[in-house]
Structure formats: structure tokens, C-alpha cells
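**Student:** My questions will all concern the structure given below.
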Amino acid sequence: MKIVILDGYTENPGDLSWEGFEQLGELTVYDRTSLTDIGEINARIGDAEIVITNKTPIRRETLDACPAIRYIGVLATGYNVVDVEAAKDKGIPVANIPSYGTEAVGQFAIALLLEICHHIGHHDKAVKEGRWASSPDFCFWDYPLIELSGKTMGIIGFGRIGQVTGRIAKAMGMEVIAYDEYPNDSGREIARYVSLDELLAESHVISLHCPLFPSTEGIVNKDSIAKMKDGVIVLNNSRGPLIVEQDLADALNSGKVYAAGLDVASAEPVRGDNPLLTAKNCIITPHISWAPKESRQRLMDIAVDNLRQYLSGSPVNIVNA
């Protein structure tokens, strides 16, 4: 059984082991494969039966060119890089990783918020530049410092990650409200469910944790921003296209939105012309919410188990069954 991993570096830059896959077949691992060169993709797959990808696309032409493929595993929750219908037509199951970084992503959302509230990195740098030592006062700060207790966090999308974020916010003394199409009892223990318009109007902080669907694409736009409180904080470490980026940049520059903390962008890596790169009070990190070693190890373990279950005749986490 030949197994090829097309772009393994982001999952395992060297601090994890591919041993689980090695036990299941003859393994070849590429750190990176072109996202656009179909010839390179096809050549690297060759006659492999098992293909593992993260962001390298597997389109119909690749499936046609590589008839030995029997199984495709995605090293992520999202699987839009694979033409799942074409794979289904050929009887090729596609498996994803449905849940591995829930705690890490919720933690990161709060980290973005706390950085906005305290600008810890900036003040650490200022101290090391000697600005505290030369201050005439016993302390100084360059940004407004914000206490979160008593403020309202509105969470759009209150599934596993949204609820983790809500639990942490509640522990800090925030009131938590949520908008979700499918309210549930575990959510009610953390938050009060409200309509989207109520959430926009009541929240001091709005955190996005919804999937990217046609109904949620651009859910933060000039019209929804107009319904928000003046000085609201917006967080997004879910999917970049949930936000109309020019509209958010305009709102940041006008002061309607006080600050934004973002770990995702509409195009990734972020493009140089993205208006949020030069917007006021906008923190952008490079899509790393998911990346603590602990979550990547869980991802690895699930990916190996997905393949093992397929080989044993009991496939799991198949998205195109």
C-alpha cells in the first residue's frame, strides 16, 4: 500500500512523528506541493493508493490521471480542496478531521481579545526600549486598557468552539449571548440565545465561530456593522470570508469598530492589498489558532485512525459517503 502526503509541513514541521502512517504502508511525505501545478500534483501521487492532503487541491483531472487512488484523507476539518463529488463518482471515500482543536481555537479567540484589551506585546517592547525606566511616573500605558467583566460578548455560531469561547468569557465575568440556528442545552448553560439583530445591538465584543456557508459569507458587512454598538470589538478566527474586509476596514478607520482581532483572511496567505493590513487597531495573526502541538497531535492521531478504520473495512468521518 503506497501512501503519499502532499503537504505535511504545517501539520508536522518536525515536532511530531509520521510513524502511525508508516505502520500502514509505504510512506512518502512532501513538505509542500504546488497548489496550482497539476502536473506536479499528479506526478507526486503517481500510483499511490492513499493520498493525504491539507491544502493541495485534488480535482477531477487528478483523479482521472491517478487511477490507483482508493482513499483521500484531509489533514483538516474543511475539505473544499477535494472535488468530493468527483471522488464519489469514482468510489473514492474522502475523510476529514471533524474535531481536534476545539479548546485551542477557543483559547486563541480570547487571546486576541486580551491583546486588544491590554496590548501586552506592545508594552513589553516599550519596557525593553527603556520607556518605563525613563517614565516620570511609576507606570505608563499607550492604549486604553479595557476591563471585560460586566461587558457582553456575542458569539455568532455556538457550536463546540463557540461554546468553549463562551465558557472562558463567562469565567472572566462577561455576559454571553449567542446566535445559532440550532440552539441546544449545552449552549443554554453558557449563554442566552438571541436573534442576530439583538446580538449585534447588545454586544461589546462579537466573536465569529460559524462555518462558511452562503448564508454566513459576509455576515459582517457595512449593514450589520451599522447595527453594532459604537466602539465594538470584532474577533474572527473561524473563516476569513465571513467578513467583508473593506467594510470592516472602513469601520475601524472611522472608529465605529474600536478594534478587530483576526486569525484568518479572505485569501491566505494574506494578500498585500488587503485593506485590513493598514486599518486602525487591527491585529492579524497567520491562521495559527489550530496549531498548538497538542491539537496537531490529535489531528495526526485522528488522521491515522481514519485510514486504519478504512483499511479495516469500517470507514469513519467520510464526507462523501
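The values are calculated or read from the model by the stated rules, or taken from the named source; none is laboratory data. If you're wondering where the values come from, they're calculated on a predicted model, not measured in any experiment. Cβ placement follows ideal geometry from the backbone for every residue including glycine, while neighbour counts extend to all protein chains displayed. Side chains included, ligands, DNA and RNA excluded: accessible areas come from the protein's heavy atoms. Shrake-Rupley method; radii C 1.70, N 1.55, O 1.52, S 1.80 Å.
**Student:** Where in the stretch 195-212 is the amide nitrogen less than 19 Å from a point lying 7 Å along the Cα-to-Cβ axis of Glu147?
**Tutor:** 204-205
**Student:** Using a Cα-Cα cut-off of under 12 Å, which aspartates and glutamates could be cross-linked to Lys125, ignoring same-chain neighbours fewer than 8 residues away?
**Tutor:** Of all the aspartates and glutamates, those that pass the test against Lys125 - Cα under 12 Å, at least 8 places apart if same chain - are Asp142.
**Student:** Also: Report, by chain and number, residues whose modeled amide H sits under 5 Å from the one on Ile284, excluding near sequence neighbours (fewer than 5 apart, same chain).
**Tutor:** Leu262
**Student:** Keeping all protein chains in position, work out how much accessible area Arg239 exposes to a 1.4 Å probe, and write it in Å² to the nearest 10.
**Tutor:** 100 Å²
**Student:** Here's another thing I want to ask about it. Kindly report, to the nearest 10 Å², the accessible surface of Ile110 as traced by a 1.4 Å probe over protein heavy atoms only.
**Tutor:** 10 Å²
**Student:** Can I ask one more? When the accessible area of the stretch 170-321 is split by element with a 1.4 Å probe, what percent falls to carbon and sulfur?
**Tutor:** Percent of accessible area from carbon and sulfur atoms in the stretch 170-321: 52.
**Student:** For the chain, what proportion of DSSP beta bridges, expressed in % and rounded to the nearest 5, is antiparallel?
**Tutor:** 5 percent
**Student:** Relative contact order (percent) for the stretch 92-229, with alpha-carbon contacts under 8 angstrom and 6 or more residues of separation?
**Tutor:** The value is 23 percent.
**Student:** Something else now. Over the chain, with the other protein chains present, what is the accessible area per residue in square angstrom, probe 1.4 angstrom?
**Tutor:** I get 48 Å² per residue for this part.
**Student:** Quote the FRET efficiency, to the nearest 0.05, computed for Arg160 versus Arg131 with a Förster distance R0 of 41 Å and r equal to the Cβ-Cβ distance. Let's see the in-between values first.
**Tutor:** Numbers: r = 42 Å, r/R0 = 1.03.
Efficiency, rounded to the nearest 0.05: 0.45.
**Student:** Here is a follow-up. Do the sum for the chain: with -39,500 (n - 2.57) for every DSSP H run of n ≥ 4, divided by all residues, what is the mean residue ellipticity at 222 nm, to the nearest 500 deg cm²/dmol?
**Tutor:** Helix contribution divided over all residues of the chain: -9500 deg cm²/dmol.
**Student:** Among the lysines, which fall within straight-line cross-link reach of Lys55, defined as a Cα-Cα distance under 23 Å, with same-chain neighbours fewer than 8 residues apart omitted?
**Tutor:** Excluding near neighbours in sequence, the set is Lys2, Lys88, Lys90, Lys293.
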